[in-house]
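Heads up: the structure comes next, in structure tokens.
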Amino acid sequence: TIHLNSKLRKLARRSALSYKAKADGIMVVDNIKMDVPKTKDLLTVMTNLKLDDKKTLMILPSQDDNVYRSCRNLPKHRVMLASDLSTYDIMNCTNLLFVNNAHEVLEGLLK
């Protein structure tokens with residue numbers, strides 16, 4: 001691995017997010033509430049958002065085990081915390097789906 005200073009990492013993350021925004025690859029949803037971890041329910045939500053056939057990264061502001069467990073059986077979808085997001089994760093997917101106020105958490109990290 002190559003060591004990069006934090007300013008360069010933040011700049012790379014900002015550039016990747018800017019690229020996704022220009023390519024219409026970013027969506028923000030109010031809430032994805034899962035009472036029980038069911039893959040079928042999450043797939044229905046993704047189908048309604050027209051993201052069922054695209055490689056999608058769901059970005060959560062905090063840990064949600066039900067969403068994580070529902071998503072792990074879907075091969076084209078991943079779940080990640082906003083605080084753990086890297087440039088590679090942003091560029092390795094077709095769409096970013098920010099849930100709740102995950103974009104605000106990410107903005108705080110990029111300052």
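Structure data summary
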item: Long-range HN-HN contacts of His77 with modeled amide H, under 5 Å; result: Thr56
item: For the chain, size of Cβ-based charge dipole, Lys and Arg +1, Asp and Glu -1, in debye; result: 440 debye
item: Volume per residue that the Cα convex hull of region 1-55 spans, once the total is divided by residue count, Å³; result: 161 Å³
item: Rounded Å value of the spacing that divides the Cα centres of region 37-109 and region 8-25; result: 17 Å
item: For Leu85, distant residues with modelled amide H under 5 Å away; result: none
item: Option label - Kirkwood radius over Cα pairs in Å computed here, alternatives (i) 15.6; (ii) 14.4; (iii) 15.1; result: (ii)
item: Residue order, fewest to most surrounding Cβ atoms within 10 angstrom, among Ile26, Ile2; result: Ile2, Ile26
item: MRE, 222 nm, helices only [DSSP H, n ≥ 4, -39500 (n - 2.57), over the chain, to nearest 500]; result: -12500 deg cm²/dmol
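Each value in this text was obtained by applying a stated rule to the coordinates, not by laboratory testing. As the structure is a prediction and not an experimental result, all values here were calculated from the model. With ideal geometry, Cβ positions are generated from the backbone for all residues, glycine too; neighbour counts draw on all protein chains shown.
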